[in-house]
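*Asks:* Would you mind keeping the following structure in view while I ask a few things?
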Amino acid sequence: MSVRRTSIRPNRYRVADRADREGLLIVNTGDGKGKTTAALGLLVRAAGYDLSIGMFQFIKSASTRYGEHVAAEQLGIEIVPLGDGFTWLSDNIAEDRALAERGWARVREALDSGRFDVLILDELTYCLNFGWLDTATVIDALRSRPRGTHVVVTGRDAPQALIGAADIVTEMAVVKHPYRDHGIGAQPGIEL
Amino acid sequence: MTGSRNDPLTQPEPPAPASGRKAPVPKRKQPGRYRVPPREQRHGLVIVNTGDGKGKTTAALGLLLRAAGREMSVAMYQFVKRMDDGGEHRTAERLGVDILPLGAGCTLGRDDLSDDAALARVGWTHCRGLVERGEYDVLILDELTLPLAWGWIDVAEVIAALRARPAGTHVVITGRHAPPALVDAADLVTEMRLVRHAYVDRGLRAQAGIEV
């Protein structure tokens, strides 16, 4: 027996104008897998409706090129690692902070420009937790973003204030983990 | 796409950080680590995304994007769901990847679900073949846990198929209420926990590009 398409009507969902849209602040946090991955899934969905999407990756270095970078490029979406060719988590905290601040300046510009329907700020929570960026300042900027803009923030240990400001918060909890349980490392196409 | 300026394979290794702070620092330990190895050198994983929170199907779509970017063969079969032109379907078409709904749509408020159960079984029969033949490098069985939890499909049969699959193939299963036996048989299980939900808290509705 073969599988067939069962849909009998086009879907009723239309993308509302920005003015009529509830821009959501979505936070994916927790120690489990799926924080960045779920953000990529939102990118997949949003791309299907031709929304303009920006994804900025804190922590990741500019030489990072995973499966998602290649596929997003095929969709005409740029995923921007904010490492600028530098390594995050150097011994010099001032350097890390400067890198985070430069990255945040780019994010601010993208946010305030109103060019994006969906803005993904991958691993931003680390910058907040390490004190590179001021949590209150970041939350203020997110709160005052142009209407109808969805923002997705990922990373472990999201600060309580960020959780309080968010509309959707999911904690990805580890139940079983192949690295923790069996020493199986990250694999292309799955983790990167 | 390899060989481009940003390809980690053609880039010199950045200096390793000496600090003890923990964060996901991308480091390459051996050359070629990021290349997709042949199947016999892969650890084929059974991945389960469950829980009441958002991000189960969504994270599976993220895996689909990664796998597509690695030029691995990947497909998503969606149990219960009926919609075939949501955001993910449209994007998948552009990526040349199949996302196929197998169901009759939302079961809420309907009394007679015998057709739904039959559709799920037909869908599973098809998917079992895909699993056992190792048709895809990454096969995503979206919402499969629902027909399992409702007793429409036998859990033992699913686990037997997963165990019998060719080495190096990944299978991703999503949905609430993953049966304990399936969790036991899986390699990677994540529970998406609902911390805050605007739709529950503020009565908002699903939006195109986010939920569908």
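*Asks:* I need the phi-derived Karplus couplings for segment A:69-83: 6.51 cos²θ - 1.76 cosθ + 1.60, θ = phi - 60°, integer Hz, Gly and Pro marked x.
*Replies:* Using θ = phi - 60°, the values come out as 5, 5, 5, 5, 4, 4, 8, x, 10, 9, 9, 9, x, 8, x Hz.
*Asks:* How high is the FRET efficiency from residue A:19 to residue B:157, r the C-beta distance, R0 41 Å, rounded to 0.05? The partial results should precede the final answer.
*Replies:* On the way: r = 51 Å, r/R0 = 1.24.
According to the calculation, E is roughly 0.20.
*Asks:* Which residues in segment A:50-71 place their backbone N less than 15 Å from a point set 7 Å from the Cα of residue A:113 along the Cα-to-Cβ direction?
*Replies:* A:52-57
*Asks:* May I pose another question? Quantify how strongly other chains surround peptide B:152-158 by giving the mean number of their Cβ atoms within 10 Å of each of its Cβ atoms. Before the final figure, lay out the partial values.
*Replies:* Numbers: counts 0, 0, 0, 0, 0, 0, 0.
For peptide B:152-158, the averaged partner shielding equals 0.
*Asks:* Out of residues 5 or more away from residue B:212 or on other chains, whose amide H comes under 5 Å of its own, with H placed 1.01 Å from N in the peptide plane?
*Replies:* Here the answer is B:207, since their amide H atoms fall under 5 Å of that of residue B:212.
*Asks:* Tell me, what is the percent relative contact order of segment A:79-192, built from C-alpha pairs under 8 Å that lie six or more residues apart? Numbers along the way, then the final one.
*Replies:* Details: 89 pairs, mean separation 26.0, N = 114.
That works out to 23 percent.
*Asks:* Please report, in debye to the nearest 20, how large the charge dipole of segment B:39-84 is about its Cα centre when each Lys and Arg carries +1 at its beta carbon and each Asp and Glu carries -1 there. All intermediate terms of the calculation are to be shown ahead of the outcome.
*Replies:* Details: 8 positive and 4 negative charges, 11 e Å.
It comes to approximately 60 debye.
*Asks:* On to the next question. Would you calculate a helix-derived [θ] at 222 nm for the protein assembly as shown, using -39,500 (n - 2.57) for each DSSP H run of n ≥ 4 and dividing by the full residue count, to the nearest 500? Intermediate results must be reported in sequence, preceding the final value.
*Replies:* Numbers: 14 runs with 137 residues, N = 404.
The helix-only estimate for the protein assembly as shown comes to -10000 deg cm²/dmol at 222 nm.
*Asks:* Beta carbons within 10 angstrom, averaged per residue: use that to sort the peptides B:44-53, B:191-200, highest first. Walk me through the intermediate numbers first.
*Replies:* On the way: B:44-53: 23.3, B:191-200: 17.9.
The peptides rank, most packed first, as B:44-53, B:191-200.
*Asks:* Take every residue in peptide A:73-81, count the Cβ atoms of other chains within 10 Å of its Cβ, and give the average of those counts.
*Replies:* On the way: counts 4, 8, 5, 1, 1, 0, 0, 0, 2.
Per-residue shielding by partner chains comes out at 2.
*Asks:* Further question: How crowded by other chains is B:79-88, given as the mean number of beta carbons from other chains within 10 Å of each beta carbon? Before the final figure, lay out the partial values.
*Replies:* Working: counts 0, 0, 2, 6, 7, 7, 7, 6, 14, 7.
Partner-chain Cβ atoms within 10 Å, mean over residues of B:79-88: 6.
*Asks:* Of A:176/B:56; A:60/B:54; A:60/B:56; A:35/B:56; A:60/A:176; B:54/B:81, which pairs sit farther than 19 Å apart, going by alpha carbon to alpha carbon?
*Replies:* Working: A:176/B:56 15 Å; A:60/B:54 25 Å; A:60/B:56 24 Å; A:35/B:56 10 Å; A:60/A:176 25 Å; B:54/B:81 16 Å.
Exceeds cut-off: A:60/B:54; A:60/B:56; A:60/A:176.
*Asks:* Over all Cα pairs of chain A, how is the pair count split among 5 Å bins, expressed in % and running from 0 up to the last occupied bin?
*Replies:* Result, from short to long distances: 1, 7, 15, 18, 20, 16, 11, 6, 3, 2, 1, 0, 0 percent.
*Asks:* A further question on this structure: Which ³J(HN,Hα) values in Hz, rounded to whole numbers, follow from the phi angles of segment B:78-95 under the Karplus curve 6.51 cos²θ - 1.76 cosθ + 1.60, where θ = phi - 60° and Gly and Pro get x?
*Replies:* With the stated coefficients, segment B:78-95 comes to 10, 6, 6, 5, 10, 4, 10, 9, x, x, 5, 5, 5, 5, 4, 4, 5, 8 Hz.
*Asks:* Once phi is turned into θ = phi - 60°, what whole-Hz ³J(HN,Hα) does the Karplus curve with 6.51, -1.76 and 1.60 give for every residue of segment B:170-177, x standing for Gly and Pro?
*Replies:* With coefficients 6.51, -1.76 and 1.60, one gets 9, 10, 10, 10, 10, x, 5, 6 Hz.
*Asks:* Quick check on segment B:43-193: take the gyration tensor over C-alpha atoms, sort the square-rooted eigenvalues as a ≥ b ≥ c, and tell me if it's rounded (a/c under 1.5), prolate or oblate.
*Replies:* Values: a/c = 1.41, a/b = 1.15, b/c = 1.23.
Note, shape of segment B:43-193 comes out rounded.
Values in this text are rule-based calculations from the coordinates and carry no lab data. It should be emphasised that the depicted structure is a prediction, and the values quoted were computed from it without experimental measurement. Every residue, glycine as well, gets a Cβ built from its backbone with ideal geometry; the counts of neighbours run over all protein chains shown.
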